[in-house]
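Peer 1: Below is a structure I'd like to ask you about.
The values are calculated or read from the model by the stated rules, or taken from the named source; none is laboratory data. It should be emphasised that the depicted structure is a prediction, and the values quoted were computed from it without experimental measurement. No Cβ is skipped: glycine too gets one built from the backbone with ideal geometry, and neighbour counts run over all protein chains shown. Accessible surface is based on the protein model in full, side chains and every heavy atom, while ligands, DNA and RNA are left aside. Shrake-Rupley method; radii C 1.70, N 1.55, O 1.52, S 1.80 Å.
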Amino acid sequence: MAVNLATKYSSQIAEVFTAGSFVKGKTSTTFDLTGVKTLKVYTPVTVPEVDYTREGMARYGAVTEMQDIVQELKMTQDKAFTLTIDKGNYLDQNMSKRAADMLRLQINEQSTPAADKYALKRFAMMAGTIATAEEAPTKDTIVELISTGAQALDDNLVPESDRYVYVTSEVYKMIRLSPEFTGLEGLGVKAIGKGVCGEISGLNIVRVPKSYMPDGCFFIITHKNSVLMPYKISDAKVHNDPVGVSGALIEGRHYYDAFVLGAKCTGVYALVLAGNKLAAPTISISSLKATVTTPAGAEEVRYTVDGTDPRYSDSAKVYAAAVTLTAGTTIRTAAFASNRFTSDLAEASC
């Protein structure tokens, strides 16, 4: 007879994932994808102020209907696992392989690291600012580089609280050995959360294993409200003595994804090796037709003609042939690849 303990074990898996993750708890919870596969986020577009005119019928300026930028968030990571605990092995090993403990071990050693690695890669690939360095940071340069990232957030009016910088232990060691170390208030104090081990330039330092950081990425700065990591546990079961198994059969399925919110993308900053980032597309316009040249290494170029950012906009299209424009239109493009960091924006107007 199979005994389904889905409710009990689903809650346990969620608790284990949250406790073991370096990323979970440091992302926005504003948007809820529970019960849905996709979510469209609408961001109202404000207009610049104009001088007030004391005469005429349009004293406040031309009337403009407020528009929206739409970003579609689609869940893509649907993972599963299954394993058995033979009753004979269970008894021979002093009953050390309890199903609940093995389920927890599976989450800690496989599911949680995989989800964190995926999230950090997504944050780096889709960061609002992807800065480049020709070589790896050193103890003499790391503090200035991180401070430059913090300054970028400041300049874009990103709130000062809930900022995180994800670094490897190697980079953390550079910070500790940097000449500016004595001036970093709070660095090295007791941890205030999973992986958090101090503060630098107003950023909470999160030290992650080297294998978690995307290849060619030196550090990632995020503001909590700029990133999402919706996580679902769709299924968790322990079957006792199912057909064909003398013992326990454990099955699990977890469903998650990670996103950078386009409207708040300036709250995400990554420093990467210059050679690992795609060059921006080149655009030429002739007779109201825009021709886009795909940079080397890019798998596709996306573009918009409505003023939105093709890295996040729901209206972005994949470039295939020359795009016909109308007078005054601006085309914006970005290049993408699965193994390279996203290019800067390129735009042109006619």
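One line per residue, one yes/no per condition, for (1) over 25 Å from the mean Cα position of the chain (by Cα); (2) open to solvent by 60 Å² or more (accessible area, probe 1.4 Å); (3) within 30 Å of Ala327 (Cβ to Cβ); (4) of a type in the set (D, E, K, R):
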| site | (1), (2), (3), (4) |
| --- | --- |
| Ile220 | no, no, no, no |
| Lys224 | no, no, no, yes |
| Asp241 | yes, yes, no, yes |
| Phe259 | no, no, no, no |
| Lys264 | no, yes, no, yes |
| Ser287 | yes, yes, yes, no |
| Glu299 | no, yes, no, yes |
| Arg311 | no, no, yes, yes |
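Peer 1: So Ser111 ticks every box in (1) among the polar types (S, T, N, Q); (2) in a loop (DSSP other than H, G, I, E, B); (3) open to solvent by less than 10 Å² (accessible area, probe 1.4 Å) but one. Which box is left unticked?
Peer 2: (2)
Peer 1: Report whether or not Val305 is touching a strand residue (DSSP E or B) at 6+ places or on another chain (Cβ under 6 Å), over 17 Å from Ile130 (Cα atoms) and surrounded by 15 or more Cβ atoms within 10 Å (Cβ to Cβ).
Peer 2: yes
Peer 1: Moving to a separate point now. Among the residues of the range 103-144, count how many are among the hydroxyl-bearing types (Ser, Thr, Tyr) and touching a Ser or Thr at 6+ places or on another chain (Cβ under 8 Å).
Peer 2: 2
Peer 1: Go through the range 1-58 residue by residue and tally those that are modelled with pLDDT of 80 or more and either surrounded by 15 or more Cβ atoms within 10 Å (Cβ to Cβ) or out of contact with any helix residue (DSSP H, G or I) (no Cβ under 7 Å at 6 or more places or on another chain) (or both).
Peer 2: Matching residues across the range 1-58 total 28.
Peer 1: On to the next question. I'd like to check something: does the range 124-140 contain any residue that is surrounded by fewer than 20 Cβ atoms within 10 Å (Cβ to Cβ), in a helix (DSSP H, G or I) and at pLDDT 85 or above?
Peer 2: No; the residues of the range 124-140 include none that is surrounded by fewer than 20 Cβ atoms within 10 Å (Cβ to Cβ), in a helix (DSSP H, G or I) and at pLDDT 85 or above.
Peer 1: Quick one: is Lys277 open to solvent by 60 Å² or more (accessible area, probe 1.4 Å) and within 20 Å of Ala127 (Cα to Cα)?
Peer 2: No: the conditions fail for Lys277.
Peer 1: Right, another one. How about the range 212-302: which strands (runs of 3 or more DSSP E) wholly inside it have at least 2 residues that are of a type in the set (A, V, I, L, M, F, W, C) and in contact with a Gly (Cβ under 6 Å, 6 or more places away or on another chain)?
Peer 2: Qualifying strands (runs of 3 or more DSSP E): 268-273.
Peer 1: Something else about it: If I filter the range 218-225 for residues that are in contact with a helix residue (DSSP H, G or I) (Cβ under 8 Å, 6 or more places away or on another chain) and modelled with pLDDT under 95, do I get at least one hit?
Peer 2: Yes; the residues of the range 218-225 include at least one that is in contact with a helix residue (DSSP H, G or I) (Cβ under 8 Å, 6 or more places away or on another chain) and modelled with pLDDT under 95.
Peer 1: Of all residues in the range 62-80 being at pLDDT below 90 and not aliphatic (A, V, I, L, M), which is surrounded by the fewest Cβ atoms within 10 Å (Cβ to Cβ)?
Peer 2: Result: Glu65.
Peer 1: Restricting to the range 313-329, name every residue that is open to solvent by 70 Å² or more (accessible area, probe 1.4 Å), of a type in the set (S, T, N, Q) and in contact with a strand residue (DSSP E or B) (Cβ under 9 Å, 6 or more places away or on another chain).
Peer 2: Thr324 - this is the single residue of the range 313-329 that is open to solvent by 70 Å² or more (accessible area, probe 1.4 Å), of a type in the set (S, T, N, Q) and in contact with a strand residue (DSSP E or B) (Cβ under 9 Å, 6 or more places away or on another chain).
Peer 1: Is it the case, given these coordinates, that Asp155 is open to solvent by 70 Å² or more (accessible area, probe 1.4 Å) and at negative phi?
Peer 2: The answer is yes for Asp155.
Peer 1: For the range 330-350: of the residues being modelled with pLDDT under 95 and assigned to a loop (DSSP other than H, G, I, E, B), which is least open to solvent (accessible area, probe 1.4 Å)?
Peer 2: Across the range 330-350, the extreme among qualifying residues is Cys350.
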